[in-house]
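Undergrad: If you scroll down you'll find the structure; I have some questions about it.
Quick note: the coordinates plus some simple rules give every number you see, no bench work behind them. Fair warning: this is a prediction, and the values are worked out from it, not measured in the lab. Positions of Cβ are generated from backbone atoms using ideal geometry, with glycine treated the same way; all protein chains shown enter the neighbour counts.
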């Protein structure tokens, strides 16, 4: 296990509007407001055509080939995630969401593109004094969290 310590900073409450893409909107907001590290929660509607990454293709290869799932109708959404900068210093959100409709649910990573249906509420809690970064992992091809990056 690797870790670093940080403190809670500013807290932001966002209302995303219909048609906005969750990770793009949050990352843009973080960039404009100079938020490099944060925790993020989201609740609201995910529209038809939203996509989730729902695991690696099996058999698992290197680099990993992600599987995606597309929502066929508006769904209820709840998600939790983090923001940390990549090697270039750009804030990158990693969020896993569960989307449900009519008693069925799908859970996965929001990175493929969650499109807001009607409204989505997002709370961003900044982490101050944080050294963590998302750096490219050669084996998976993903930008993975390095908590104690320098």
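Undergrad: Quick one: order 95, 1, 120 by neighbouring beta-carbon count within 10 Å, fewest to most.
TA: 1, 95, 120
Undergrad: For each of 51, 10, count neighbouring Cβ atoms within 10 Å of the residue's Cβ, then give the residues from fewest to most.
TA: On the way: 51 18, 10 12.
Ordered from fewest to most neighbouring Cβ atoms within 10 Å, 51, 10 come out as 10, 51.
Undergrad: Here is a follow-up. Decide, for the range 79-150, between rounded, prolate and oblate: order the square roots of the alpha carbon gyration tensor eigenvalues as a ≥ b ≥ c, take rounded if a/c falls under 1.5, and otherwise choose prolate if a/b is larger than b/c, else oblate.
TA: On the way: a/c = 2.70, a/b = 1.72, b/c = 1.57.
Since a/c reaches 1.5 and a/b is larger than b/c, the shape of the range 79-150 is classed as prolate.
Undergrad: Something else: I want to verify a result. In a Gaussian network model of the chain, Cα cutoff 10 Å, which of these has the top mean-square fluctuation: 28, 61, 98?
TA: Checking each option, the largest mean-square fluctuation is seen for 61.
Undergrad: Based on the Kirkwood radius over alpha-carbon pairs, what is the Stokes-Einstein translational diffusion coefficient of the chain at 20 °C with 1.002 mPa s viscosity, in µm²/s?
TA: On the way: Rh = 15.9 Å.
Roughly 135 µm²/s, to the nearest whole number.
Undergrad: Separate question: Under 16 Å from a point placed 7 Å out from the Cα of residue 60 along the Cα-to-Cβ direction: which residues of the range 85-109 have their backbone N that close?
TA: Taking a point 7 Å out along Cα→Cβ of residue 60, the residues of the range 85-109 whose backbone N falls under 16 Å are 109.
Undergrad: Roughly speaking, what is the stretch gain from residue 131 to residue 4, that is 0.36 nm per residue apart minus the C-alpha to C-alpha distance, in nm to one decimal?
TA: This chain segment gains 45.0 nm when fully extended.
Undergrad: For the pair residue 140 and residue 34, how long in nm is the line joining their label points, each one 7 Å along Cα→Cβ?
TA: 3.1 nm
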